[in-house]
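Structure first, commentary second.
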Amino acid sequence: MREQEGGGEDRSGRERRQELPPQSPEEQARAICLRLLTGMPRTRRQLADALAKRGIPDEVSQQVLSRYEEVGLIDDAAFAGAWVESRHRGRGLARRALAQELRTKGVHATLVAEALEQLDSDQEEQTARELVERKLRATRGLERDKRIRRLAGMLARKGYPEGMALRVVRRALEAEGEDAEDLGYMG
């Protein structure tokens, strides 16, 4: 019985040491970053904000984040490229909306521009057409002006420029046979 208790004490002693938070700010910062990066990729600024929120000194935070960039655990350019691909394909977001999301996540303007280069105007317009085609069915039976507002508004919320949105809506309504002669002002 005593041997089991002694073994349990030894084992629980080791477990207690593993459960203790890291002692130095550097160890704390590394642990926080690794935990956050395990779930999904993050930008340097997202990690810096998380470290600041947890009271990690800025000097320590910058040192740890720089090291993580060196070894490739943080890569804002790769993050931005993957974000653009995923959000454009999955949600149909246009360049303007994608740029805003990336800026909010702390991606540098140069990296945002590089990531957005993978989307050209033709691809963006094609996505807008697909979005309108899906939504078009749901607007049948509504008056023409209301359909235009709903369809163009949907595209605007996804970051499409007004001219493109109205042009795509006009063409979709024309293709459907909607009387679109009054839509000439739209592009």
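The values are calculated or read from the model by the stated rules, or taken from the named source; none is laboratory data. Just so it is clear, the structure is predicted and the values come from calculations on it, not from any experiment. Neighbour counts are summed over all protein chains in view; Cβ atoms, including those assigned to glycine, are modelled from backbone coordinates with ideal geometry. Surface accessibility is based on the protein's heavy atoms, side chains included, excluding ligands, DNA and RNA. Shrake-Rupley method; radii C 1.70, N 1.55, O 1.52, S 1.80 Å.
Observations on the model:
- Leu142/Arg91 FRET efficiency (R0 25 Å; Cβ-Cβ; nearest 0.05): 0.55
- Summary value for the range 42-162: 27 percent relative contact order, contacts being C-alpha pairs under 8 angstrom separated by 6+ residues.
- Between the residues Ala113, Gln100, Leu131, the greatest Cα displacement towards the positive end of the dipole of the range 100-142, with unit charges on the Cβ of Lys, Arg, Asp and Glu, is found for Leu131.
- Dipole of the range 56-187, positive end: most advanced residue of Leu173, Leu65, Gly141 [Cβ charges, Cα centre]: Gly141
- Estimated distance in nm for a label pair at Leu37 and Arg157, the labels positioned 7 Å out from Cα along Cα-to-Cβ: 3.7 nm
- Surface share of carbon and sulfur [accessible, 1.4 angstrom probe, percent] for the range 42-118: 48 percent
- Accessible surface, the range 30-187, averaged per residue in Å² (probe 1.4 Å): 57 Å²
- D_trans [Stokes-Einstein, Kirkwood Rh over alpha-carbon pairs] for the range 35-143, 20 °C, 1.002 mPa s, µm² s⁻¹: 135 µm²/s
- Thr110 paired with Gln123, simple spin-label distance in nm, labels 7 Å along Cα-to-beta-carbon: 2.2 nm
- By a 1.4 Å probe calculation restricted to protein chains, Ser86 has an accessible surface near 70 Å², given to the nearest 10.
- Exposure check, 1.4 Å probe, all protein chains in place: His108 carries approximately 120 Å² of accessible surface.
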